[in-house]
Amino acid sequence: MTEIGRQEALQAVNFLISNGGTNIAEGLRKGAKVITDRKWKNPVSSIILLSDGQDIYNINSPSTNCPSDYRMLVPVSMYQSGASPLHIPIHAFGFGADHDAASMHSISEASGGTFSFIEAESVIQNAFAQCMGGLLSVVIQELKVEVECIDPILQLASIKSGSYRTTLVSDKRKGSIEVGDLYAEEERDFLVKTDIPIDGCSDETALLKVRCIFKQPVSERLVTLDPASEVKIQRPVAAQSSVVSMEVDRHHNRLRSAEAMAKARAAAEGGDLTSAVSILENCRKELSETVSARAGDRLCVTLDAELREMQERMANQRVYETSGRAYCVWD
């Protein structure tokens, strides 16, 4: 922006007033129009939504168990898997202890953005700074990871990718993950499980090959990175002592914790806080008995702390409704 442009923008912001309630859908439509109608287009663009999530114009009495009610607030052009070539991720910041966390989370998830829980006004600045810092360091866009079996006897059992869109072809020999944008120095970890039949005819089996396809933000050129090497496994005649991969075990724990958190949230939303707390406690116990946890792995320590925090925020219905629900959705 030019200096004159900055002053005009600042003046426009200073003249803004609030009245009439919350209309998230109209605000997002206006934001999409502004981005679409730009004369000069940056390679990376997003919308930041700070709200209590309580849209009084479009959602009358949505069910917290029906995210489709909230997803209707998002314009089609912003959907991550939409037909529109313009993808606009929404980074949602749920403000206030009583904000509708399910609404804000559904909006960010539908668009491929992020959701942050702003529990106190004092942390808004840091949360915004983190988000902006990430947007300014996007080095890869529209990343797609393809996984394919090499040996004809192999099949993919599952691809664990969290909320990322995953495709597994009918013969289960090939799958893909739509990752989206990556920041500089950012890493994404996925667990791929395969079914490996008994084979006494070979000393080694070639398992998988991984290919990455992405767009460079500045040149908008599509790049394909073919695998430099194949994933292989040794097939000894006699079974050797089992060695657990610390890295794989860590991510098993991450997935185990995520599944427990989801089950606990569902139980809490159903009013059964006792079961919710029990689910989290059982997960903490299972976690403590794993190889990586016993080795003092930092991720396991963090997961245990998150599970314990969720338990505390599910102590009773009042605590859960004032801060627990928002924390659990964000977490």
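The values are calculated or read from the model by the stated rules, or taken from the named source; none is laboratory data. Because the structure is a prediction, the values reported are computed rather than measured. Don't worry about glycine lacking a Cβ; one is built from the backbone with ideal geometry, like all the others, and counts go over all protein chains shown.
Given the condition assigned to a loop (DSSP other than H, G, I, E, B), modelled with pLDDT of 85 or more and either loosely packed, with under 11 Cβ neighbours inside 10 Å or not assigned by TED's automatic domain parsing to the domain that holds A266 (or both), answer yes or no: does some residue in the stretch 70-77 qualify?
Taking every residue of the stretch 70-77 in turn, at least one turns out to be assigned to a loop (DSSP other than H, G, I, E, B), modelled with pLDDT of 85 or more and either loosely packed, with under 11 Cβ neighbours inside 10 Å or not assigned by TED's automatic domain parsing to the domain that holds A266 (or both).
So for the stretch 88-107 (the condition being assigned to a strand (DSSP E or B), surrounded by 16 or more Cβ atoms within 10 Å (Cβ to Cβ), among the β-branched types (V, I, T) and modelled with pLDDT of 80 or more), does at least one residue qualify?
The answer is yes, given that some residue of the stretch 88-107 is assigned to a strand (DSSP E or B), surrounded by 16 or more Cβ atoms within 10 Å (Cβ to Cβ), among the β-branched types (V, I, T) and modelled with pLDDT of 80 or more.
Kindly indicate whether V147 is in contact with a Phe, Trp or Tyr (Cβ under 9 Å, 6 or more places away or on another chain), farther than 19 Å from L255 by Cα and modelled with pLDDT of 90 or more.
yes
Is at least one residue of the stretch 206-229 under 25 Å from the mean Cα position of the chain (by Cα), hydroxyl-bearing (S, T, Y), within 30 Å of L299 (Cα to Cα) and at pLDDT 85 or above?
Scanning the stretch 206-229, I find no residue that is under 25 Å from the mean Cα position of the chain (by Cα), hydroxyl-bearing (S, T, Y), within 30 Å of L299 (Cα to Cα) and at pLDDT 85 or above, so the answer is no.
Could you figure out which of (1) at pLDDT 90 or above; (2) of a type in the set (G, A, S); (3) in contact with a Pro (Cβ under 8 Å, 6 or more places away or on another chain) isn't true of S176?
(3)
From the list S63, S51, which residue is of a type outside the set (V, I, T) and modelled with pLDDT under 80?
None of the others qualify; the one that does is S63.
Consider the stretch 283-300. How many of its residues are in a helix (DSSP H, G or I) and loosely packed, with under 13 Cβ neighbours inside 10 Å?
The number of residues fulfilling the criteria is 4.
Can you tell which of Q141, Q130 is modelled with pLDDT of 80 or more and surrounded by fewer than 16 Cβ atoms within 10 Å (Cβ to Cβ)? Talk me through it step by step, then tell me what you get.
On the way: Q141 fails: surrounded by fewer than 16 Cβ atoms within 10 Å (Cβ to Cβ).
After ruling out the rest, the residue left standing is Q130.
Could we say that L255 is in a strand (DSSP E or B) and either more than 30 Å from R325 (Cα to Cα) or touching a residue at least 24 places away in the same chain (Cβ under 8 Å) (or both) here?
Numbers: in a strand (DSSP E or B): no; either more than 30 Å from R325 (Cα to Cα) or touching a residue at least 24 places away in the same chain (Cβ under 8 Å) (or both): yes.
When the stated conditions are applied, L255 does not pass them.
Can you name every residue in the stretch 135-156 that is among the acidic types (D, E) and part of a loop (DSSP other than H, G, I, E, B)?
D151 - this is the single residue of the stretch 135-156 that is among the acidic types (D, E) and part of a loop (DSSP other than H, G, I, E, B).
Across the stretch 157-189, what is the total count of residues that are under 18 Å from E109 (Cα atoms) and either assigned to a loop (DSSP other than H, G, I, E, B) or assigned by TED's automatic domain parsing to the domain that holds S111 (or both)?
Counting residues in the stretch 157-189 that are under 18 Å from E109 (Cα atoms) and either assigned to a loop (DSSP other than H, G, I, E, B) or assigned by TED's automatic domain parsing to the domain that holds S111 (or both) gives 5.
If we keep just the residues of the stretch 165-198 that are charged (D, E, K, R), over 22 Å from D249 (Cα atoms) and touching a residue at least 60 places away in the same chain (Cβ under 8 Å), which is surrounded by the most Cβ atoms within 10 Å (Cβ to Cβ)?
Within the stretch 165-198, the first condition is being charged (D, E, K, R), and the residues that meet it are 165, 171-174, 178, 181, 185-189, 193, 195.
Pick out the ones that are also over 22 Å from D249 (Cα atoms) and you get 165, 171-174, 178, 181, 185.
Then drop every residue that is not touching a residue at least 60 places away in the same chain (Cβ under 8 Å), which leaves 165, 178, 181.
Details: R165: 14, E178: 16, D181: 22.
Checked the stretch 165-198; the qualifying residue surrounded by the most Cβ atoms within 10 Å (Cβ to Cβ) is D181.
On the given criteria, is A110 at pLDDT below 80 and hydrophobic (A, V, I, L, M, F, W, C)?
Against the criterion (at pLDDT below 80 and hydrophobic (A, V, I, L, M, F, W, C)), A110 does not qualify.
Pull up the stretch 221-236, narrow it to residues that are in a strand (DSSP E or B) and in contact (Cβ under 8 Å) with a residue 24 or more places away in the chain, then point me to the one that is surrounded by the most Cβ atoms within 10 Å (Cβ to Cβ).
Keep residues of the stretch 221-236 that are in a strand (DSSP E or B), which gives 222-225, 231-234.
Going one step further and asking which of them are in contact (Cβ under 8 Å) with a residue 24 or more places away in the chain, we end up with 231-234.
Working: V231: 15, K232: 13, I233: 12, Q234: 9.
Only one residue tops the list, namely V231.
Please tell me if K263 is surrounded by 12 or more Cβ atoms within 10 Å (Cβ to Cβ), within 30 Å of T205 (Cβ to Cβ) and of a type in the set (D, E, K, R).
Numbers: surrounded by 12 or more Cβ atoms within 10 Å (Cβ to Cβ): yes; within 30 Å of T205 (Cβ to Cβ): no; of a type in the set (D, E, K, R): yes.
Against the criterion (surrounded by 12 or more Cβ atoms within 10 Å (Cβ to Cβ), within 30 Å of T205 (Cβ to Cβ) and of a type in the set (D, E, K, R)), K263 does not qualify.
What tally of residues in the stretch 137-160 results from selecting those that are within 11 Å of K174 (Cβ to Cβ) and charged (D, E, K, R)?
Matching residues across the stretch 137-160 total 2.
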